[in-house]
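Student: A single structure is presented below for examination.
The values are calculated or read from the model by the stated rules, or taken from the named source; none is laboratory data. The shown structure was predicted, so the numbers you read here are calculated from the model rather than taken from an experiment. Glycine also receives a Cβ, built like all others from the backbone with ideal geometry; neighbour counts cover every protein chain displayed. Note: areas computed on protein heavy atoms with side chains; ligands, DNA, RNA excluded. Shrake-Rupley method; radii C 1.70, N 1.55, O 1.52, S 1.80 Å.
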Amino acid sequence: MPQRKERILQGIAASPGVAHGAFTLVSRKEVEIKDYLVEEGKEALEIERFKQGIARTRDEIEATRQQVAKSLGAQEARIFEAHLMLIEDQKFHQDVLREFYRTHLNIEYCVKIVFREYQRIFGQLEAEAFRDRALDVQDVYTRLVANLTGEQENPFKDLDGKKILITRDLIPSDSANLQKSQVLGIVTATGGHTGHAVIIAKSLQVPAVVGLSAITEQLKPSDYLLIDGNEGIVIINPTQDTLNHYERILLARKTARSTFTSTLDLPAQTRDGNALELMANLSDVSEMEAFGKSGADGIGLFRTECLFLKENRFPKEEEQFQVYKALAQGATPNPVVIRTLDIGGDKQMSLGVHSRERNPFLGLRGIRFCLRHKTIFREQLRAILRASAFGKIRILLPMISGLTELLEAKGQIEAAKNTLRADGFVFDEAIRIGIMLEVPSAVYTADLLADHCDFFSLGTNDLIQYTLAVDRLNEQVAYLHEPNHPAVLRLLKYAADAAHEKKIPISLCGELAGNALYTPFFVGIGIQALSMTPDALPEVKYLIRRLQIKEAQDIAARVLKQAHAQEVFSILKAFYFSKMDIAG
Ligand code: PEP
Ligand code: MG
């Protein structure tokens, strides 16, 4: 094993699992397209060649679509429907033919000119969705040119399955060229949590980490890599200790799952009798089945924006009411925390309701959007309030940044209640209203806010982003999205202290809630409820049942004294393994 210095790079977890080995760097070569004049009288032949190229490309895309639909599901295969639309687009055909009649240049060269223009247009648009579209255009172009020139470039043809693939990006058509047996794992320089590389890696079921922008510059040919697709980590030249550590983790992961589920029906309570609430984060009513099996004490976060984004429209009050009512009834006697619409930021609807913003995450998002669009807000509030007659519903307001905003939002809730009274509807008159603590200014004024709300819910995904000035979706700075940063830990403690002082409950519903490494810290600072994806719940509950409150408090105190994120991580990791009787 090489004895070079071990280096850890934090990327974005894309596909679970661990792999280690040598790596191979694959870069995509662009097929060179020569231009030449088509002889007079041969135009019809050239146009026929274009039609055949289109037909072959269409067949290829359709085959890939079916393959992905089978292995991953209809949702993931949708992207290929977009590719089909692109290749069948009459406007595109006309643009190429117009170019051909204008220049009399060979048809693949005309295709190149037209595609370049399309790509330029998409690439200039700021929204990430459009930049992804530019990648789709590139993909369809590559396939079509390959079919027209007969030069089929498969960049992965030499991969023999013994190495980790490092590449700038993966494009959808790669799923036809890349097989599970060809790679140990995948690391890409580009891509966020939901990009094409993630879809492909998941469908191949190989570990993957994406968004490591500088990966290619960091590697020497003889380097040995370990990738952890669960944590989004790449370790360059892992030491023997690290390798052993991961061996143990792998072994442990296999058996741990069944161990964790063994305590699922027992209360989430520490060994010395302190009970916590473990709740589920849901985005869609269809997830109620998973919720039912999870052993959760309620729904701690229902992200209503998915209802809006899914169909890209504003559902009417009645439609929303039916969904919220189903949640309330399904969760009874447990509570359901319904978060009001949190669109804006990265969650944009294409209805012309969002103005172009330079910094969408700092723009008209969450409660700011709702207070600007009061009719939409009012409709949602009425739906939530009406559903409160059917179970234990609580309202959660996202992106609150200060007291004025909270009071204005509460004014809207009061106004919605008045309209319901006037219309003769019954609802929970004392419905509890909570706020997300996900903007640092809200944490620092938590004592003021606590006087005007019933509970706090910490949103660590955004709190980390706004505290550390790190766009949570930008792979260039993903390594800085660091939960172990002392500033983040201090803010969490500050919020918990304020809640205790004001005697209002505090929960946490960011992704960290489901990461058992942090459970002792959260318990130690006095977080009373954790809300997470149902899948994560068994492990967190298992750990809580092995904790003593005093040792959790000691760990929290130790962690809060550290100056470096890495030290925090080491302490939490060591404690986790000491508690879990699994590899550490
Ligand atoms: C958060 O910010 O932690 C959170 C739970 O909200 P979302 O991820 O939906 O922004
Ligand atoms: Mg948030």
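Student: Of all the residues that make up region 545-559, how many are over 26 Å from THR261 (Cα atoms) and open to solvent by less than 40 Å² (accessible area, probe 1.4 Å)?
Tutor: Summing the residues that are over 26 Å from THR261 (Cα atoms) and open to solvent by less than 40 Å² (accessible area, probe 1.4 Å) in region 545-559 gives 2.
Student: Something else: Condition first: away from ligand 1 (no atom under 16 Å from the Cβ) and closer than 22 Å to GLN548 by Cβ. Now tell me which residues in region 490-504 satisfy that.
Tutor: Of everything in region 490-504, those that are away from ligand 1 (no atom under 16 Å from the Cβ) and closer than 22 Å to GLN548 by Cβ turn out to be LYS493, ASP497, HIS500.
Student: Now for a separate question. LEU341: open to solvent by less than 20 Å² (accessible area, probe 1.4 Å) and modelled with pLDDT of 95 or more, yes or no?
Tutor: Yes; evaluated as a whole, the condition is true for this residue.
Student: List the number of the failed condition for ALA409; all other conditions in (1) within 16 Å of ligand 1 (Cβ to nearest atom); (2) of a type in the set (Gly, Ala, Ser); (3) within 13 Å of LEU341 (Cα to Cα); (4) in contact with a Cys (Cβ under 9 Å, 6 or more places away or on another chain) hold.
Tutor: (1)
Student: What's the total number of residues in region 446-465 that are surrounded by 18 or more Cβ atoms within 10 Å (Cβ to Cβ) and over 20 Å from PHE522 (Cα atoms)?
Tutor: Going through region 446-465 one residue at a time, the tally reaches 2.
Student: Moving to a separate point now. Test ASP136 against the stated conditions and say whether it is under 22 Å from VAL210 (Cα atoms) and either surrounded by 18 or more Cβ atoms within 10 Å (Cβ to Cβ) or at pLDDT 85 or above (or both).
Tutor: Yes.
Student: Here is a list of conditions, (1) open to solvent by 10 Å² or more (accessible area, probe 1.4 Å); (2) part of a strand (DSSP E or B), and ARG313 meets all of them except one; can you say which number that is?
Tutor: All conditions are met except number (2).
Student: Here's another thing I want to ask about it. Kindly indicate whether ALA496 is away from ligand 2 (no atom under 16 Å from the Cβ), outside any loop (DSSP other than H, G, I, E, B) and surrounded by fewer than 18 Cβ atoms within 10 Å (Cβ to Cβ).
Tutor: So ALA496 fails the test.
Student: Can you tell which of GLY21, GLY41 is assigned to a loop (DSSP other than H, G, I, E, B) and modelled with pLDDT of 90 or more?
Tutor: GLY41
Student: Limited to region 199-235, what total is found for residues that are touching a Lys or Arg at 6+ places or on another chain (Cβ under 7 Å), part of a loop (DSSP other than H, G, I, E, B) and at negative phi?
Tutor: The number of residues fulfilling the criteria is 1.
Student: Condition check: away from ligand 2 (no atom under 16 Å from the Cβ), at pLDDT 95 or above, touching a Pro at 6+ places or on another chain (Cβ under 6 Å) and assigned by TED's automatic domain parsing to the domain that holds PHE390. Does GLY330 satisfy that?
Tutor: no
Student: Among the candidates PHE92, PHE23, PHE115, single out the residue that is buried (at least 18 other Cβ atoms within 10 Å of the Cβ) and farther than 25 Å from ASP169 by Cα.
Tutor: Testing whether each residue is buried (at least 18 other Cβ atoms within 10 Å of the Cβ) and farther than 25 Å from ASP169 by Cα leaves just PHE92.
Student: Which members of region 560-584 meet the condition of being open to solvent by 60 Å² or more (accessible area, probe 1.4 Å) and of a type in the set (A, V, I, L, M, F, W, C)?
Tutor: Passing the criteria: ALA563, ALA574.
Student: Could you please find all residues in region 302-327 being touching a residue at least 40 places away in the same chain (Cβ under 8 Å), over 19 Å from ASP428 (Cβ atoms) and within 16 Å of ligand 2 (Cβ to nearest atom)?
Tutor: Passing the criteria: GLU305, PHE308, LEU309.
Student: Within region 411-421, is there a residue that is assigned to a loop (DSSP other than H, G, I, E, B), open to solvent by less than 50 Å² (accessible area, probe 1.4 Å), assigned by TED's automatic domain parsing to the domain that holds LEU517 and more than 14 Å from ligand 2 (Cβ to nearest atom)?
Tutor: no
Student: Would you mind stating whether ARG472 is within 16 Å of ligand 1 (Cβ to nearest atom) and crowded, with 18+ Cβ neighbours inside 10 Å?
Tutor: The answer is yes for ARG472.
Student: Would a scan of region 519-531 turn up a residue that is assigned to a loop (DSSP other than H, G, I, E, B), under 17 Å from ALA275 (Cα atoms) and not aliphatic (A, V, I, L, M)?
Tutor: yes
Table: residues versus (1) open to solvent by less than 40 Å² (accessible area, probe 1.4 Å); (2) in a helix (DSSP H, G or I); (3) away from ligand 2 (no atom under 16 Å from the Cβ).
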residue: ARG365; (1), (2), (3): yes, no, no
residue: PHE369; (1), (2), (3): yes, yes, no
residue: ILE376; (1), (2), (3): yes, yes, yes
residue: GLN380; (1), (2), (3): yes, yes, yes
residue: ILE384; (1), (2), (3): yes, yes, yes
residue: ILE393; (1), (2), (3): yes, no, yes
residue: MET399; (1), (2), (3): yes, no, no
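Student: Does TYR466 satisfy the criteria of being under 25 Å from the mean Cα position of the chain (by Cα) and either within 16 Å of ligand 2 (Cβ to nearest atom) or part of a helix (DSSP H, G or I) (or both)?
Tutor: Taking the combined requirement at face value, the residue satisfies it.
Student: When residues of region 568-584 are filtered for being in contact (Cβ under 8 Å) with a residue 60 or more places away in the chain and farther than 19 Å from GLY510 by Cβ, how many remain?
Tutor: Going through region 568-584 one residue at a time, the tally reaches 4.
Student: For a quick check of your reading of the model, give me the residue pairs whose first member lies in region 28-47 and is over 28 Å from LYS157 (Cα atoms), whose second is open to solvent by 90 Å² or more (accessible area, probe 1.4 Å), with beta-carbon atoms closer than 6 Å and at least 6 apart or on different chains.
Tutor: Matching pairs, first to second residue: none at all.
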